[in-house]
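Right, one structure below, let's go through it.
The values are calculated or read from the model by the stated rules, or taken from the named source; none is laboratory data. As the structure is a computational prediction, the values presented were derived from the model and not from experiment. Virtual Cβ from ideal backbone geometry, glycine too; neighbours counted across all protein chains shown. Accessible surface areas use protein heavy atoms only, side chains included; no ligands, DNA or RNA. Shrake-Rupley method; radii C 1.70, N 1.55, O 1.52, S 1.80 Å.
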Amino acid sequence: MLLLAFGIISVALVLWLLHRMNNTDAEIQKLALNLSFIRYTMWLLGQVVLSSLTVTRLVWGSRKELKPTIGKLPVNKVPKKSRVLYANSITLTPGTLCIDIDNENVTIHALNEESLHSLKRGDMADKVPGENKGVS
Amino acid sequence: MIEIISSVFLIVGAFFSLTGAVGIFKFPDFFTRVHAASVTDSISTILIIFGLILRTDFDLVAVKLLFILIFMLLTSPTASHALAKSARHGGLLTLAETRSDKKVGDD
Amino acid sequence: MLVLSATCIAILSVMALALARALKADTVYDRILGVNMFGTKTALFIALMGFLSGRPDFLDIAIVYALINFLGMIAVLRFFEYTAGDENQEQEK
Amino acid sequence: MAEIIDLVLLGMLAITAFNIIFIKDLFTVVMLFGIYSFLSALIFVNLDAVDVAFTEAAVGAGISTVLMLGTLALTGRKEKASSHKTILPLLVVCVTGAALIYGTLDMPLFGDPDNPAHQHVAPRYIEDSPQEIGIPNMVTSVLASYRAFDTLGETAVVFAAAIGVLSLLGLPKRDRATIQSGLKSHLVLRVVAKMIIPLIVLFALYVQFHGDYGPGGGFQAGVIAAAALILYALVFGLPMATHVVPPRVLKALAALGVLIYAGTGVVSLFLSANFLDYSVLAEDPVAGQHIGIIAIELGVGITVFAAMLCIFYAFAGQTERKNIQ
């Protein structure tokens, strides 16, 4: 009972602090925990496994296969809210690393051309959840 | 049964972890090494934490493990990204750029 | 139990390798990478150790480790923003 | 297994320490000190000293790394070449070390139940605390009840440290400055930091209120909560942070924590018991103990949080002032 009360107090305190922070920096984030987000997470897990295998092959294989490249991708298709999620997904999948993100482009460092190409095809950009229906 | 699945998860996770650790020595420059480190951060963390969750009674301990997993999956790509970004802005060149700068075909 | 011990040892050697990377680094960024990797592996290691010794309340410490590691990374990056420029050249060999 | 882990950890600790001695780049030294703290906390974990490890990880690896980096930003990162002769100090250190090692030969064996330390008051704590205090985490019951007076002293020390730093450096003013001082260009960092800061604060409060049952307590909780706000200040800039938690509130909070702690003691005095004897705070002595422990842990938490954040504000304010000039 007492612990429950403390729990409620804690949550209230955190919400109040967050409210103050939101008022100060005026950067409010909303993350919709809906079905599409969960589906995206599952898909991302699969991608992580696949690309980990690629990097593992590169680590244990010879150095010749290693052809690091750098490239820019447009992010116009990705809604503004989801861009950070997009950038972090790129970094999370081994083999591709997001170096920079601005309003138009993400700069990506990839271990080989193959992984850069698969990003260019735009699977991940299409799958990132968020209001894809053009509001952005 | 669950025990076996958990063991497989743990061992594969440990293998990926070691792979990443070897990678940070074997890869030639900073940016490629970040990739190697991200193997240990993403897949091996996921596998090991899931392997441990399967060993709990799915109580508070499992929730805490899940909390660690979410926390790490949020922070570690962020840390890699921020580090790579400041390395880039600090003027560190990637391998391809260094090679084209020198105009010499090394190794 | 054997599997847990084996995983523990594997993570321990990963930590040792990360430490070696942090001690012997070409650039300062490599060093930070090593330190960061060391920190994340430590958090995992504590979680494993809690299961190995049958005391999962160690997990609280693992959480603290993950958190503090991130804070340290950010502090280091912030330090760079301050001292960037004048001292970067001498770091790159 | 535990012995092997201990040996490996000790080995890594020694290697790190030697490297710290020989490296002249202070920035690297600070990072290695972070690793050093992590390693020593790991050793504490391995020795089952969970609460100590908690503190070491939070304070040693977290806050002090941040503060040392803040200092480096003020002073510069190269160690001055020493002009002293090194032979004599080395000799003194070697002799002292040898004497200390010789001294350990007289010490009782590690983990020996006949150790004087295990004979004196420890058995009484271990045997009586379940009935007298009735909380599962014995460390908390020793720290907050049996040894409450010592802990009051420690809290006062933290408070005094904050006062000392403040009188030297001074607090930054609360202003909505237009200076861009955070990591403004790191979009990803800002978004993720904003997401995890509530998680950290929530975890800190969990540690605060759960200290009677698991590892942790007021001290650790205060440090973690301060870490969350330090993260905020690092990412969004000091002016923003001073706007969220104004420095003058912090000053008041630091004093308030000590006041709560000592006030609990005074209340028990008025209820005709000894200073900080909580048994009289409720009808049932055990319940009274519980109330007292929660109250003083809260006091410790508030003071530590406020003091740590005050010290960070003072350092960061100095750094920013230097940067503007």
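Odds and ends about this structure:
- Test: residue in segment B:30-43 that is more than 7 Å from every other protein chain (Cβ to nearest Cβ) and not polar (S, T, N, Q): no
- Residue list for segment A:93-109, filter: within 12 Å of chain B (Cβ to nearest Cβ) and in a loop (DSSP other than H, G, I, E, B): A:THR93, A:PRO94, A:GLY95, A:ASP102
- Residues of segment A:51-87 satisfying the condition of being at the interface with chain B (Cβ under 10 Å from one of its Cβ atoms), hydrophobic (A, V, I, L, M, F, W, C) and either touching a residue at least 40 places away in the same chain (Cβ under 8 Å) or surrounded by fewer than 20 Cβ atoms within 10 Å (Cβ to Cβ) (or both): A:LEU53, A:VAL55, A:LEU58, A:TRP60, A:LEU66, A:ILE70
- B:ASP59 falls short on exactly one of the conditions (1) at pLDDT 85 or above; (2) open to solvent by 10 Å² or more (accessible area, probe 1.4 Å), and that condition is (1).
- For B:GLY20, the conditions (1) buried (at least 24 other Cβ atoms within 10 Å of the Cβ); (2) facing another protein chain (nearest Cβ under 7 Å) are fulfilled apart from (2).
- Contacts under 6 angstrom Cβ, first residue in segment A:4-18 being free of Cβ contacts under 8 Å to residues at least 24 places away in the same chain and at the interface with chain D (Cβ under 7 Å from one of its Cβ atoms), partner part of a helix (DSSP H, G or I) and open to solvent by 40 Å² or more (accessible area, probe 1.4 Å), 6 or more apart: A:VAL14/D:LEU202
- Any hit, segment A:39-49, residues being open to solvent by 20 Å² or more (accessible area, probe 1.4 Å) and within 9 Å of chain B (Cβ to nearest Cβ): yes
- Matching residues, segment B:53-97, being part of a loop (DSSP other than H, G, I, E, B) and under 17 Å from C:ALA47 (Cβ atoms): B:LEU54, B:ARG55, B:THR56, B:ASP57, B:PHE58, B:ASP59
- Selection status of D:PHE44, of a type in the set (Phe, Trp, Tyr) and either in contact (Cβ under 8 Å) with a residue 12 or more places away in the chain or touching a Gly at 6+ places or on another chain (Cβ under 9 Å) (or both): yes
- Test for A:ILE90: is it at pLDDT below 85, facing another protein chain (nearest Cβ under 10 Å), open to solvent by 30 Å² or more (accessible area, probe 1.4 Å) and under 30 Å from D:LEU234 (Cβ atoms): no
- When B:VAL8 is tested against (1) closer than 26 Å to A:ILE90 by Cβ; (2) at pLDDT 85 or above; (3) surrounded by fewer than 19 Cβ atoms within 10 Å (Cβ to Cβ), just one condition goes unmet, and that condition is (1).
- Tally of residues being open to solvent by less than 70 Å² (accessible area, probe 1.4 Å), over 20 Å from D:VAL300 (Cα atoms) and assigned to a helix (DSSP H, G or I) across segment D:256-283: 1
- All told, D:THR65 meets the bar of being among the β-branched types (Val, Ile, Thr) and at pLDDT 85 or above.
- Flag if D:LEU298 is under 24 Å from A:MET1 (Cβ atoms) and at pLDDT 90 or above: yes
- Put simply, of C:SER5, C:SER13, C:SER53 the only residue that is at pLDDT 90 or above, hydroxyl-bearing (Ser, Thr, Tyr) and surrounded by fewer than 24 Cβ atoms within 10 Å (Cβ to Cβ) is C:SER13.
- Answer residue from segment D:194-211, given it is more than 10 Å from chain A (Cβ to nearest Cβ) and assigned to a helix (DSSP H, G or I) and is farthest from A:ASN22 (Cα to Cα) among those: D:VAL207
- Selected residue (criterion: farthest from the chain's Cα centre (by Cα)) from residues of segment D:129-165 that are in a helix (DSSP H, G or I) and more than 26 Å from D:ALA262 (Cβ to Cβ): D:GLN131
- Residues (part of a helix (DSSP H, G or I) and under 30 Å from D:ALA287 (Cβ atoms)) located in segment D:212-246: D:GLY218, D:PHE219, D:GLN220, D:ALA221, D:GLY222, D:VAL223, D:ILE224, D:ALA225
- Restricting attention to segment C:25-37, the residues that are touching a Gly at 6+ places or on another chain (Cβ under 9 Å) and more than 7 Å from chain B (Cβ to nearest Cβ) total 3.
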